[in-house]
Amino acid sequence: MSSAAVPPVGARIRQARLERGVSLRALAREIGVSASLVSQIETGKSQPSVSTLYAITTALAISVESLFDASPDSVRESPPVVGATVVHALAAFAADPGRRIGPLVGAGERETIELDSGVVWERLGHVPGTDVDFLLVTYRPGGSSSSGGGLMRHAGTEYGCLTAGELVLTLGFDEHVLRPGDAVCFESTTPHRYRNDSAEPAVGVWFVAGQSVQ
């Protein structure tokens, strides 16, 4: 994958936690995981799953978007607006939390976050003042949004369109098989999970709007 990796997500999570005066054990209790797992995520020894990452950002009242920014100083609170690294073109704005990503983001210039359970997020753009996660999402064979198999919930409204492969969406009590060209939209507070049961990567464009934390 030719995308540029962003600085360690764990370091950003630790910074946000310390800035808010939250202990490692308190954060672990809040999101329902062990303190050891949180410590491993913060030190880069383990990557969070999609569900764990959303739980952490919700508990710390930060946006998922902030975890992509190229400077650790740019971790910020989620704005109340409803709504990878472009290293070469935008390096001068890396420390600016209001920086624009785009209007054109080349295929080799995307900020990328590797998550647990075979999931990769590539940031497709960002307009300052908006609260939208705009992502190219890849679920590798066997990949899942939850390493433990549980369903997740988070703030916002979720939209997605699968462009390649096959993806299984569990939404509430229903299960849907997504194939290329299929699109979904739902309130992200509805319990849900994605998984790739096939032998080929599942790729799609996803965005979550209004993922602010009150």
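Of (1) over 30 Å from Gly32 (Cα atoms); (2) touching a Pro at 6+ places or on another chain (Cβ under 6 Å), Leu151 satisfies all except one. Which? The number of the failed condition is (1). Checked against the criterion of being more than 21 Å from Thr189 (Cβ to Cβ), modelled with pLDDT of 90 or more and surrounded by fewer than 20 Cβ atoms within 10 Å (Cβ to Cβ), the range 53-62 has no qualifying residue.
Yes/no per residue for (1) under 20 Å from Val127 (Cβ atoms); (2) surrounded by fewer than 19 Cβ atoms within 10 Å (Cβ to Cβ); (3) at pLDDT 95 or above:
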site	(1), (2), (3)
Pro8	no, yes, no
Leu27	no, no, yes
Ser36	no, yes, yes
Glu65	yes, no, no
Asp69	yes, no, no
Thr85	yes, no, no
Asp96	yes, yes, no
Pro103	yes, yes, no
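The strands (runs of 3 or more DSSP E) located wholly in the range 121-214 that include 2 or more residues which are modelled with pLDDT under 95 and surrounded by 17 or more Cβ atoms within 10 Å (Cβ to Cβ) occupy 132-139, 202-209.
Among the residues here, Val22 does not qualify as at pLDDT 90 or above and not in a loop (DSSP other than H, G, I, E, B).
The values are calculated or read from the model by the stated rules, or taken from the named source; none is laboratory data. Predicted model, so just to flag it, every value in this text is computed and none were measured. Backbone-built Cβ (ideal geometry, glycine too); neighbour counts: all protein chains shown.
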